[in-house]
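Visitor: Supplied in structure tokens, the structure appears directly below.
The values are calculated or read from the model by the stated rules, or taken from the named source; none is laboratory data. Predicted model only: the values in this text are computed from it and were never measured. Backbone-built Cβ (ideal geometry, glycine too); neighbour counts: all protein chains shown. All accessible areas refer to the heavy atoms of the entire protein, side chains included, with ligands and DNA or RNA removed. Shrake-Rupley method; radii C 1.70, N 1.55, O 1.52, S 1.80 Å.
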Amino acid sequence: EKGGYDHFMLKEIYEQPKAIRDTLSPRVNNENEIRLDDISITKEELDRINRVYIIACGTAYHAGLLGKILIEKYVNVPVIADVASEFRYGNTFIDENTLMIVVSQSGETADTLAALRLAKEKGARVIAVTNVVGSTISREADDVFYTWAGPEIAVASTKAYTTQLVSLALIAMQMATIKGTITEEDYSGILNGLNKLSKQVKSLLEKEDLVKEAAKEIYNAEHIFYIGRGIDYDVAREGALKLKEISYIHCEAMPAGELKHGTIALIEEGTPVIAVATQEHLYEKMVSNIKEVKARGAYVIALAKEGNEDIEETADSVIYIPEVIDELTSVLNVIPLQLLAYYVAVMRGCDVDKPRNLAKSVTVE
Ligand code: M6R
């Protein structure tokens, strides 16, 4: 049932090129246009929406962070992304002019479901991005957008995340098209980028041996720090969550520019730092941050775009990701981060598919 793989997690990591294709192909027609039958929101409704909430937990929340960036940029409406267990108990500004997007692989997470119910009670429209057909969240939302990743068995979420990213990009593009807030150039840039992802993910999976080498350097660490800026910080958070939940190493993701406001005090000789440096306009700033941690003795594994080979002068080890627009980098960056988490956990002898204290679906609040 594991299809020849040692663990479900590894199998699911390898299923990502197909999962991404399956998310995209029913929604992109032969004329290369996005057509989402799943979401019936009209222009009138969208024009009324003055605030969007993206609510989720764990990995799904990390995917939601990209939704916020894309919707704010292309749909031109403010978006609040929050974890469900915080959102519920804070001040909420929800009425019939609010759109809520809940993201949940299982469609059963208690806090996310409660957020959905709260939003509906107050008259908001709710779109669910979920992987499980017929799940509670799918039944209660106004619109359901399935990620079509196929069953995800391992507790550590992998293919759900990449397909959630792709789904949120599609939803943002659809909303922007209906509202008329996106240029043709941006639209085709993102769509072409989406169409290339599946092959690019495949090419990254072929770098598995390189990631294994990197895992050997860090698997004995007590603490590992992940740094990035902008979208790269969001994927850094996902990478840190993945590694901590299956290897039990303390991992923390930091916005790279925030390091010097405290966390850099923890960097000592040999402390591993995973630096994600794939946002073009933030690249130089990231290189400076890498130098800062190197000067304190960090062992740096960097993720960078092909073409930025000069990073080898600063980082100890570099994994390159292929050419991709900045908005879609997370789909690629997360692949080596997932593999790194997986191999570190295997090297430490951990129960990769069933980490201690965790459940696949969290149905308690
Ligand atoms: O089923 P959901 O997407 O609602 O689950 C949310 C989180 O519990 C889940 O992503 C969790 O963080 C994973 N174990 C992360 O790998």
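Visitor: For region 311-356, how many residues meet the condition of being among the charged types (D, E, K, R), part of a helix (DSSP H, G or I) and farther than 29 Å from Asn195 by Cα? Step through it out loud before you land on a result.
Guide: Residues of region 311-356 among the charged types (D, E, K, R): 312-313, 316, 323, 326-327, 348, 351, 353-354, 356.
Within this subset, residues satisfying the condition of being part of a helix (DSSP H, G or I) are 312-313, 326-327.
Narrowing the set further to residues that are farther than 29 Å from Asn195 by Cα leaves 312-313.
Count: 2.
Visitor: Pick from region 339-365 the residues that are over 27 Å from Ala115 (Cβ atoms) and touching a Ser or Thr at 6+ places or on another chain (Cβ under 7 Å): which of them is nearest to the ligand (Cβ to nearest atom)? Before you say what the answer is, go through the steps one by one.
Guide: Going residue by residue through region 339-365, those that are over 27 Å from Ala115 (Cβ atoms) are 339-354, 356.
Going one step further and asking which of them are touching a Ser or Thr at 6+ places or on another chain (Cβ under 7 Å), we end up with 341, 344-345, 348, 350.
Details: Ala341: 9, Val344: 15, Ala345: 12, Arg348: 17, Cys350: 14 Å.
Taking the candidates together, the pick is Ala341.
Visitor: Checking Leu168 against (1) open to solvent by 30 Å² or more (accessible area, probe 1.4 Å); (2) under 19 Å from the mean Cα position of the chain (by Cα); (3) closer than 20 Å to Ala253 by Cβ, which single condition isn't satisfied?
Guide: Result: Leu168 passes all but (1).
Visitor: Name the single residue, out of those in region 131-147 being in contact with a strand residue (DSSP E or B) (Cβ under 6 Å, 6 or more places away or on another chain) and part of a helix (DSSP H, G or I), that is nearest to the ligand (Cβ to nearest atom). Talk me through it step by step, then tell me what you get.
Guide: First, pick out the residues of region 131-147 that are in contact with a strand residue (DSSP E or B) (Cβ under 6 Å, 6 or more places away or on another chain): 137-138, 141-145.
Remaining after also requiring part of a helix (DSSP H, G or I): 137-138.
Details: Ile137: 8, Ser138: 12 Å.
In this case the residue turns out to be Ile137.
Visitor: Being crowded, with 24+ Cβ neighbours inside 10 Å and not aromatic (Phe, Trp, Tyr) is the filter; apply it to region 215-227 and report the residue that is nearest to Ala302 (Cα to Cα).
Guide: Just the residues of region 215-227 that are crowded, with 24+ Cβ neighbours inside 10 Å, to begin with: 224-227.
Okay, now just the ones that are also not aromatic (Phe, Trp, Tyr), so 224, 227.
On the way: Ile224: 13, Ile227: 9 Å.
It comes out as Ile227.
Visitor: Give me a count of the residues in region 321-365 that are within 18 Å of the chain's Cα centre (by Cα) and modelled with pLDDT of 95 or more.
Guide: Qualifying residue count, region 321-365: 21.
Visitor: How many of the residues making up region 49-73 are open to solvent by 20 Å² or more (accessible area, probe 1.4 Å) and in a loop (DSSP other than H, G, I, E, B)?
Guide: Residues flagged as open to solvent by 20 Å² or more (accessible area, probe 1.4 Å) and in a loop (DSSP other than H, G, I, E, B) within region 49-73 amount to 2.
Visitor: Out of the residues in region 102-130 that are part of a loop (DSSP other than H, G, I, E, B) and open to solvent by less than 20 Å² (accessible area, probe 1.4 Å), state the one that is nearest to the ligand (Cβ to nearest atom).
Guide: Going residue by residue through region 102-130, those that are part of a loop (DSSP other than H, G, I, E, B) are 105-109, 122-124.
Then keep just the ones that are open to solvent by less than 20 Å² (accessible area, probe 1.4 Å); that gives 106-107, 124.
On the way: Ser106: 3, Gly107: 7, Ala124: 19 Å.
Filtering first and then ranking leaves Ser106.
Visitor: Can I ask one more? Would region 228-242 turn up any residue that is away from the ligand (no atom under 16 Å from the Cβ), surrounded by 21 or more Cβ atoms within 10 Å (Cβ to Cβ) and assigned to a strand (DSSP E or B)? Before you say what the answer is, go through the steps one by one.
Guide: Just the residues of region 228-242 that are away from the ligand (no atom under 16 Å from the Cβ), to begin with: 228-233.
Next, only the ones that are surrounded by 21 or more Cβ atoms within 10 Å (Cβ to Cβ) stay: 228-229, 231-233.
Filter once more, keeping what is assigned to a strand (DSSP E or B): 228.
Yes.
Visitor: In region 131-142, what residues are open to solvent by less than 10 Å² (accessible area, probe 1.4 Å) and touching an Asp or Glu at 6+ places or on another chain (Cβ under 6 Å)?
Guide: Ser135
Visitor: Exactly one of (1) under 21 Å from Met9 (Cβ atoms); (2) crowded, with 20+ Cβ neighbours inside 10 Å is unmet by Ile190. Its number?
Guide: All conditions pass for Ile190, except number (1).
Visitor: Exactly one condition in (1) outside any strand (DSSP E or B); (2) within 22 Å of the chain's Cα centre (by Cα) is false for Leu46; which is it?
Guide: (2)
Visitor: While we're on this one: Would you mention how many residues in region 1-58 are touching a Gly at 6+ places or on another chain (Cβ under 7 Å) and over 28 Å from Asn333 (Cβ atoms)? Reasoning before the result, please.
Guide: Let us first name the residues in region 1-58 that are touching a Gly at 6+ places or on another chain (Cβ under 7 Å), namely 11, 15, 19, 54, 56.
When the remaining residues are screened for being over 28 Å from Asn333 (Cβ atoms), the result is none.
Here the count works out to 0.
Visitor: Any residue at all in region 201-212 that is within 16 Å of the ligand (Cβ to nearest atom), in contact with a Pro (Cβ under 9 Å, 6 or more places away or on another chain) and not in a helix (DSSP H, G or I)?
Guide: So the first thing to find is which residues in region 201-212 are within 16 Å of the ligand (Cβ to nearest atom), and the list is none.
No, because not a single residue in region 201-212 is within 16 Å of the ligand (Cβ to nearest atom), in contact with a Pro (Cβ under 9 Å, 6 or more places away or on another chain) and not in a helix (DSSP H, G or I).
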